[in-house]
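Coordinate-derived values only; no laboratory data. None of the values given here were measured: they were computed from a predicted structure. Ideal geometry is used to build each Cβ from the backbone, glycine not excepted, and the neighbour counts take in all protein chains shown.
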Amino acid sequence: MRTERTPGRLPDPEAFTKAFGVGADPKKIDPVDACGVALAAVQGLQERMLEQNRELARVQADLAQARARLGRLQAAALNERK
């Protein structure tokens, strides 16, 4: 839907209500509902980011341990050659 007042595409109010289960009037989107959905999305993305940061920290710790073990193995191999 495109009008002079609202350029661009707007979400369909009925689809919005069906998708998110909010809205008293299926013919319009209440700004409070839209803000609530946007806030929930931001919170979900933040939680996902925090989970990915925790996973990254675990992977980095595993990598550091693997590098340390590799260093020890290389040192042991060099000592055996002598």
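Structural remarks
- Rounded to the nearest 20 debye, dipole of the chain from Cβ charges on Lys, Arg, Asp, Glu: 700 debye
- Taking 0.36 nm per residue of separation and subtracting the Cα-Cα distance, full extension of the segment from residue 53 to residue 40 would add 2.7 nm.
- Computed extension length for residue 75-residue 30: 9.5 nm, one decimal, from 0.36 nm per residue of separation with the Cα-Cα distance subtracted.
- Only lysines eight or more places from residue 18 in sequence, or on another chain, were considered; those with a Cα closer than 23 Å are 27, 28.
- Here each label is just a point 7 Å from Cα along the line to Cβ, and for residue 64 and residue 20 those points are 4.1 nm apart.
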